[in-house]
Amino acid sequence: MKSRLYRWNNAWKLLFVFSITYLLLLPEYTLAGTPNISPNGVPPKPAFIESKEDLVDVQVIDRPTPSHPMSPQTTNVNIVELLRQLNETLLLGYLENLTAFGPRVTGTENCDQAAHYLYETFQDMGLVVRYHNYTDDVVSGSNIEATLYGSDSTDIYIICGHYDCVEAGSGADDDGSGVAAVLAAAEIMRNYEFVHTVRFVAFSGEEQGLIGSRHYAEDAYNNNESIVAVLNADMIGFAPTGSDGIKGKIYENSPSEWIVTFTQNISQVYADYIGIQLFSQGKTWGSDHYYFWEYGYDAVFYAEFNFNDYYHSGNDTIDHMNMTYATRFSRLMLATLAEMAQQSRPVLKITSISGGLGVTAQITNIGDENAQNVNAMIVITGGLYGLINISSTTKSAVINPEGSMQAKAMLFRFGKILITVTVDASNAYQTTKQAVGFLIGPVVLNVVSKT
Ligand SMILES: [Zn+2]
């Protein structure tokens, strides 16, 4: 996370850059590979950002949201098995390794070494890993992406954090805690099969203005990737008191509210393993979820309830973290991710609306799970003087995957009609389709579906 504290940082940074430039101008000194210094000795862009105005604007048209999973109401034994494997020892190991590199400022050797460590760690887990390299005016660098392919779907669920940090310290909580959660989730989930694809991503360039995640979201958007949810963890390990240790924050925009509900249900259903109550905070630009919103993806940002007292200082160390809390928070994210990724579900589609004697609607389950307690309602309005307003419901206890049902409505009137078909099930999202037609007595002619 970022704040106005950077003002001081900037002053020191500028002084540093001027000194280096001065040295470069002396003939006897040659410093190879000093980045981002323009001929007049001034960095081309501010190195760190202080407000939303410093962020790059993205003009993006809305993209359609893929259908998303339903909030869990009951405990799933498979999820419990995963949660049991996420313990303090596992997290601590990753945190120690990450902080051992020292300050991981994007563009420095330390940061590159941390990137290499992440790449190798994911690779050792047997995941498909890549460097997602980005070039930017402010700073260039690499995100690390590891993929666990879904068995039966191309929908993508992302868990992420940023592995870079500020130069003042070794970024244990900001954001070693988030990256450790990502690594732990990968280490545990890799041994299981999930319906949907899961990506474990560590971004860099976060501290300079969400650079890495902006390029990542942009590329995902340009590749038309079906990212259903992004779970971003940034500072999830600080809780100095007992009451801080049972609360957490979640930031969301309105299309992403379903992820808030989903995660809150997870924390209730698995309370014995998680024990954190999440408080919804609304929007913020302050972490890597932000550009996913800008590119039309649903994303949330998880953070500790009590903001870290040692933020962006040399004291942001493991010593000042609460590992029990970090473990619980990581479990919350693991359970949320795994539940989303394993959920096969029915998807109801109204495949046709046709005329003839009355109105017939064909409904097909194009999902991969039985649809339970299906209700199909046909509403017909319009007619001569707009006097028609008829509704008819057809029920089906179960529709198997690829199975269908027919819903019918009979009537005897005249005139132009509007047909609205609405279908829902106890375990699927509601869907609606409309058509227009012409009614002569009991016969419906010229039925044309609206898009
Ligand atoms: Zn951060």
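Remarks
- For the range 364-378, backbone nitrogen atoms closer than 15 Å to the point 7 Å from Gln430 Cα along Cα-to-C-beta are found at 374-378.
- Rounded to whole numbers, the Karplus 3J(HN,Hα) couplings from phi for the range 390-398 are 10, 10, 9, 10, 10, 10, 9, 5, 9 Hz, using 6.51 cos²θ - 1.76 cosθ + 1.60 with θ = phi - 60°, and x at Gly and Pro.
- Beta bridges per DSSP with both ends in the range 55-342, % antiparallel, nearest 5: 45
- Fully extending the segment from Ile366 to Asn87, taken as 0.36 nm per residue of separation minus the present Cα-Cα distance, adds 96.6 nm.
- Here the accessible area is traced with a 1.4 Å probe on the protein chains. For the chain, carbon and sulfur cover 51 percent of it.
- The length gained on full extension between Asn76 and Lys395, counted as 0.36 nm times the residue separation minus their Cα-Cα distance, comes to 111.9 nm.
- Angle in degrees between helix 257-269 and the longest Cα principal axis of the chain, rounded to the nearest 10: 80
- Under the Debye formula (equal points on every Cα, no solvent term), log10 I(q)/I(0) of the chain at q = 0.09, 0.10, 0.12, 0.13 Å⁻¹: -0.65, -0.76, -0.97, -1.08
- Rounded to 0.05, the FRET efficiency of the Ser354 and Thr154 pair, given R0 = 35 Å and the Cβ-Cβ distance, is 0.65.
- Between helix 177-189 and the chain there is an angle of about 50 degrees, using the helix long axis and the longest principal axis of the Cα atoms.
- Lysine pairs in the chain with Cα atoms under 23 Å, if 8 or more residues apart or on separate chains: 24
- Ile156 - accessible surface, heavy atoms, 1.4 Å probe, Å² rounded to 10: 10
- For the chain, the solvent-accessible area works out to 44 Å² per residue, with a probe of 1.4 Å and every protein chain left in place.
- Alpha carbon centroid spacing (whole Å) that separates the range 287-302 from the range 374-451: 38
The values are calculated or read from the model by the stated rules, or taken from the named source; none is laboratory data. The structure presented is a predicted model; accordingly, all values stated were derived computationally and were not measured. We place every Cβ from the backbone using ideal geometry, glycine too, and count neighbours over all the protein chains shown. For the accessible areas, the whole protein counts, side chains as well, though only heavy atoms, and no ligand, DNA or RNA atoms are used. Shrake-Rupley method; radii C 1.70, N 1.55, O 1.52, S 1.80 Å.
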